Amino acid sequence: MAYGDFVVMRDLDFAIQRGDIFIIMGGSGCGKSTLMRHMIGLKQPAAGKILIAGQSLWDTEGATREALLRRLGVMYQSGALWSSLTLAENIGLPLQQFTALPSKRIREIASYKLALVGLAGFEDHYPAEISGGMQKRAGVARAMALDPEVLFFDEPSAGLDPVSARRLDDLILELRESLGTTMVVITHELASLLRIGTNAIFLDVETRTQIAQGAPRTLAEHCHHPRVQAFLSRGTTGEAQ
Ligand SMILES: Nc1ncnc2c1ncn2[C@@H]1O[C@H](COP(=O)(O)OP(=O)(O)OP(=O)(O)O)[C@@H](O)[C@H]1O
């Protein structure tokens with residue numbers, strides 16, 4: 001992965017299995033967001049391939065590429081909600097854009113998605129009328145609008161109090177359990193990543209490559225690399241920020 005001549009990371013090689021809660025770990029500026037941008041089709045790798053269900057994302061185009069990208073959903077830090085739209089309208093927007101469903105059906109799907117994230121009855125609220133934790137959950141509902149097989153989260157609990165952050169983790173676990181959605185999560189939150197992560201990679205800013213791979217709890221116990229250990233054994237509020 002590179003920006004011009006600046007190589008952010010090289011020799012990355014990992015696989016995410018269906019149903020994984022896959023954590024992208026590493027210190028500030030190592031390239032976590034950049035990696036996510038590559039995986040969701042926003043940035044092309046300088047070298048190498050990203051395969052989704054065996055198809056190379058950056059070697060496809062047109063309808064094939066669109067179909068691949070439709071399998072992915074993204075929940076950004078802010079939840080990326082439009083403040084001038086109600087929650088139901090926010091969730092309906094991708095459905096309006098990408099399907100030919102009638103508006104009554106779109107409204108029903110929006111209600112269903114809101115119920116999934118514990119926001120039944122909040123269809124006609126505006127984002128500013130609900131709490132930060134609820135906004136994040138509405139953001140998850142929006143990311144789920146088109147029933148993605150893989151859901152990406154960039155620092156989902158940033159800015160949340162510990163109780164709301166834990167509820168968001170519970171939601172990630174529940175959705176994985178009930179819908180089988182694969183989750184890819186960038187997070188610094190140690191308690192969270194140890195609790196929910198089933199697999200992970202650690203990106204090392206010094207060597208500019210991955211230096212550990214595996215379940216976070218296993219890495220915490222068995223990985224002896226000093227920088228991985230330092231990351232996984234710090235207090236719950238991170239020095240690695
Ligand atoms: N658009 C860009 N152009 C040039 N360099 C960039 C660009 N975006 C990020 N970088 C650089 O690439 C490196 C990786 O950045 P990135 O944001 O992916 O890291 P990160 O691990 O997500 O960081 P953080 O944990 O602070 O969010 C950094 O050195 C950053 O300055």
May I ask you to list the lysines whose Cα is less than 19 Å away from that of residue 104, ignoring any residue fewer than eight positions away on the same chain?
113
What is the Cα radius of gyration of segment 106-241 over 2.2 N^0.38 Å, N being its residue count?
1.17
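Beyond 34 Å, how much of the Cα-Cα pair distribution for the chain remains, as a whole percent?
Percentage above 34 Å: 17.
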On a straight-distance basis, which lysines could pair with residue 43 in a cross-link, Cα separation under 27 angstrom, same-chain partners fewer than 8 positions away excluded?
32, 136
Per residue of segment 218-224, what does 6.51 cos²θ - 1.76 cosθ + 1.60 with θ = phi - 60° give for ³J(HN,Hα)? Whole Hz please, x for Gly and Pro, Karplus curve as stated.
5, 4, 4, 8, 10, 8, 9
Express in nm, to one decimal, how much length is gained between residue 230 and residue 55 on full extension, taking 0.36 nm for each residue of separation and deducting their alpha carbon distance.
59.3 nm
Which loop-located trypsin sites (Lys or Arg not before Pro) does segment 31-92 contain, where loop means any DSSP state but H, G, I, E or B and the Cβ has at most 13 other Cβ atoms within 10 Å?
49
Around residue 184, which amide H atoms from residues at least 5 apart in sequence, or from another chain, sit under 5 Å from its own amide H, with H modelled in the peptide plane?
22, 151, 152, 153
Distance between the C-alpha centers of segment 169-203 and segment 94-125? Whole Å please.
25 Å
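Values quoted throughout were computed directly from the atomic coordinates according to the rules given, and no laboratory measurement underlies them. Just so we're clear, the structure is a prediction, and the values are computed from it rather than from any experiment. Virtual Cβ from ideal backbone geometry, glycine too; neighbours counted across all protein chains shown.
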